[in-house]
Amino acid sequence: MLGLKLPTDPRWVNIVEKNIDDILTDHAFCEQKAASTAISLIVGFPEYTELVNEMTALVREEMGHFKMVHDLIIARGQTLGRDRKDDYVIALLSFFPKGGSRTTQLVHRLLIAALIEARSCERFRLLSEELEDADLREFYKKLMISEAGHYTMFLKFARQYGDRKEVDEKWESLLVFEAQIMKDLGNQQLIHG
């Protein structure tokens, strides 16, 4: 369903289990960045009323997820660690050239957001199936369902605002590019890396 060209190596879950507190901090900041992305789309493209409405709801949802992860960190006797740069997202952002029309810029941002959500969904599915901790498995199952909805929403908007054939071609190219990123970064103790 997600169309990812390179699935996550299931052994990644072993890395997660050995570094769960670091992963939870990384996850919390991923949720915060997702909310920030939605806010930046509202600010940058206010004339797209349907998008603004959906992004407003997404900001609330993503910050709710942030709170859930933060509460989990606290319940585990930890504190939120420091944010680290996300090499995965930095690499994805290099794919599309800068510039172009506002619509082109919007479509590119929506496609990148869709792919980040798709990879998150795929990773959360793995965690929901493979983690030894039953509570964490259930936690990630709930989030996986939400991430799938976000992925499809961003892709739908990209197709709605851009030329469908061109958008689908860009999506396929981006998926191939992302697979190469995952070959290089796919086994780090991060949600996307």
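The values are calculated or read from the model by the stated rules, or taken from the named source; none is laboratory data. As the structure is a prediction and not an experimental result, all values here were calculated from the model. Cβ placement follows ideal geometry from the backbone for every residue including glycine, while neighbour counts extend to all protein chains displayed.
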*Selected residue (criterion: farthest from the chain's Cα centre (by Cα)) from residues of segment 38-51 that are surrounded by fewer than 20 Cβ atoms within 10 Å (Cβ to Cβ) and assigned to a helix (DSSP H, G or I)*: Thr49
*All positions within segment 155-190 that are closer than 21 Å to Asp87 by Cβ and either of a type in the set (A, V, I, L, M, F, W, C) or in contact with a Pro (Cβ under 6 Å, 6 or more places away or on another chain) (or both)*: Leu174, Leu175, Val176, Phe177, Ala179, Ile181, Met182, Leu185, Leu190
*Please work out which residue is farthest from Asp22 (Cα to Cα), limiting yourself to segment 157-188 and to residues that are among the basic types (Lys, Arg) and either touching a residue at least 60 places away in the same chain (Cβ under 8 Å) or not in a helix (DSSP H, G or I) (or both).*
Lys170
_Need pairs with beta-carbon distance below 7 Å; first residue without any contact (Cβ under 8 Å) to a residue 12 or more places away in the chain and closer than 16 Å to Ala158 by Cα and within segment 47-61, second assigned to a helix (DSSP H, G or I) and among the β-branched types (Val, Ile, Thr); sequence gap 6+ or separate chains._
Val52/Ile42
*Identify all residues within segment 128-144 that are surrounded by 13 or more Cβ atoms within 10 Å (Cβ to Cβ) and hydrophobic (A, V, I, L, M, F, W, C); write none if there are none.*
Leu131, Leu136, Phe139, Leu143, Met144
*Which ones in segment 78-110 are under 13 Å from Thr25 (Cα atoms) and free of Cβ contacts under 8 Å to residues at least 12 places away in the same chain?*
Thr79, Lys85
_Any chance Phe66 is under 23 Å from Arg123 (Cα atoms), assigned to a loop (DSSP other than H, G, I, E, B) and modelled with pLDDT of 95 or more_ = no
*Output the qualifying pairs, or none if there are none: Cβ atoms under 7 angstrom, residues six or more apart or on different chains, first residue in segment 7-20 and surrounded by fewer than 12 Cβ atoms within 10 Å (Cβ to Cβ), second residue of a type outside the set (Val, Ile, Thr) and outside any loop (DSSP other than H, G, I, E, B).*
Pro10/Leu126; Pro10/Glu130
_Filter pass, Leu136 being part of a helix (DSSP H, G or I), touching a Leu at 6+ places or on another chain (Cβ under 9 Å), closer than 21 Å to Ala35 by Cβ and aliphatic (A, V, I, L, M)_ = no
_Between Leu106, Leu51, which is aliphatic (A, V, I, L, M), closer than 21 Å to Ser146 by Cβ and at pLDDT 95 or above?_
Leu51
*asked:* Among the residues that make up segment 62-82, is at least one of them out of contact with any Gly (no Cβ under 6 Å at 6 or more places or on another chain), surrounded by 14 or more Cβ atoms within 10 Å (Cβ to Cβ) and farther than 17 Å from Asp21 by Cα?
replied: yes
*Selection from segment 80-119 of residues that are aromatic (Phe, Trp, Tyr) and assigned to a helix (DSSP H, G or I)*: Tyr88
*asked:* Being under 15 Å from the mean Cα position of the chain (by Cα) and without any contact (Cβ under 8 Å) to a residue 60 or more places away in the chain is the filter here; which residues of segment 111-130 pass it?
replied: Ala114, Phe124, Arg125
*Just to be sure, is Gly77 assigned to a loop (DSSP other than H, G, I, E, B), of a type outside the set (Lys, Arg) and out of contact with any helix residue (DSSP H, G or I) (no Cβ under 9 Å at 6 or more places or on another chain)?*
yes
